[in-house]
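Scroll down for the structure; my scribbles are underneath it.
The values are calculated or read from the model by the stated rules, or taken from the named source; none is laboratory data. These figures come from a predicted structure and were not determined experimentally. No Cβ is skipped: glycine too gets one built from the backbone with ideal geometry, and neighbour counts run over all protein chains shown.
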Ligand SMILES: [Zn+2]
């Protein structure tokens, strides 16, 4: 007599509203997450106490209120003010290592398997840290988290629109120096209005000449012209946000035809005022039109979110079914800045695992042999070249 259990019966009634805990079990990516917007509140307080740094409040609740965490800010410029606080405690190598480790640990706890963490290293040199140390410190934290929790994470170096073209070029040089050593891409962040990407063209030319992947925040606080410029002047491979792409049908079709990924961050878009509310977020339209859309956090702390929460909001507020959520997740694995053969392995595994999750909220635990920790052949990868000279 067989001891095997029969498979669970599938429901044929109306779709179940899936709980957040179910979404947390799905394998995921986070391709758009800022290091300086994704700290633990307790860590900010702890580092500030240790290093004698002044904060707007000295307890967790007070700090949450002072930084308007998770609240609507009305504009991107207002939203960016919270970073003034986080950057104060991110000026030493050990604090950067700890913050990177904790971010990866938090992501691993909700089954994020692969993450691309972005930040602008020049914002972390106030106390004299060299740019190379700013990269090395974060890599150390990410690698330690990979060892402990199995999550793989790489870095995207950011230039900042509202600083200068020269500093973006310096960041591009840094990205080139660390290509194949943990840096997988280059981005342009910061205030979009009045600061067009074309001013930073030289930085993008340098990274493109070195075959480095690029993504650009665009169509968040400015119109579709900003997205066109990111794609056609700077050569972006992915677009951060792209909320206003829907205003230009022709460009939307171009993005769709070329399978250019949109890194959507729904809650953040509401918080910055880019979108009125979740129900009017264009991610639903983009997904229906077949665009390659991914769901990301942007800033775990400042937006008070997780990838699971963002996916859950897509489900509860925008009517995404489990099948739709799986498609968003697969798009995340497809859109990573990883070598193609590594990406294929992630895709194969994620697709397989996702089959075990059902519309009625049931799932089968994966067998031990399918554990992602065992299936990631990171150690077997080709050796990577040493970094070239870099400005410090
Ligand atoms: Zn962002």
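Applying the set (1) within 16 Å of the ligand (Cβ to nearest atom); (2) part of a helix (DSSP H, G or I); (3) over 15 Å from the mean Cα position of the chain (by Cα) to residue 103 leaves exactly one unmet item: (3).
Selection of region 6-48 for residues being closer than 24 Å to residue 138 by Cα and either within 16 Å of the ligand (Cβ to nearest atom) or at pLDDT below 95 (or both) yields 29, 30, 31, 32, 33, 34, 35, 36, 37, 38, 39. Residues of region 231-271 that are more than 13 Å from the ligand (Cβ to nearest atom) and touching a strand residue (DSSP E or B) at 6+ places or on another chain (Cβ under 8 Å): 231, 234, 235, 236, 237, 245, 255, 260, 261.
Within region 211-224, residues that are over 22 Å from residue 274 (Cα atoms) reach partners that are within 14 Å of the ligand (Cβ to nearest atom) and in a loop (DSSP other than H, G, I, E, B) with beta carbons closer than 8 Å, at six or more positions or on different chains, in the pairs 214/236.
The one condition from (1) under 29 Å from residue 63 (Cα atoms); (2) modelled with pLDDT of 95 or more; (3) surrounded by fewer than 18 Cβ atoms within 10 Å (Cβ to Cβ); (4) away from the ligand (no atom under 16 Å from the Cβ) that residue 87 does not meet is (4).
For region 275-295, a tally of residues being buried (at least 24 other Cβ atoms within 10 Å of the Cβ) and either free of Cβ contacts under 8 Å to residues at least 12 places away in the same chain or within 14 Å of the ligand (Cβ to nearest atom) (or both) returns 2.
Given 163, 156, which one is buried (at least 24 other Cβ atoms within 10 Å of the Cβ) and out of contact with any helix residue (DSSP H, G or I) (no Cβ under 7 Å at 6 or more places or on another chain)? After ruling out the rest, the residue left standing is 156.
When restricted to residues that are within 16 Å of residue 287 (Cβ to Cβ) and assigned to a loop (DSSP other than H, G, I, E, B), region 216-257 contains 1. If you filter region 64-78 down to residues that are buried (at least 16 other Cβ atoms within 10 Å of the Cβ) and in contact with a helix residue (DSSP H, G or I) (Cβ under 6 Å, 6 or more places away or on another chain), you find that the one that is farthest from residue 137 (Cα to Cα) is 73.
For region 130-142, the set of residues classified as within 17 Å of the chain's Cα centre (by Cα) and over 28 Å from residue 77 (Cα atoms) consists of 139, 141, 142, listed by residue number. The residue that is surrounded by the fewest Cβ atoms within 10 Å (Cβ to Cβ), counting only those in region 198-217 that are under 17 Å from residue 163 (Cβ atoms) and within 14 Å of the ligand (Cβ to nearest atom), is 217.
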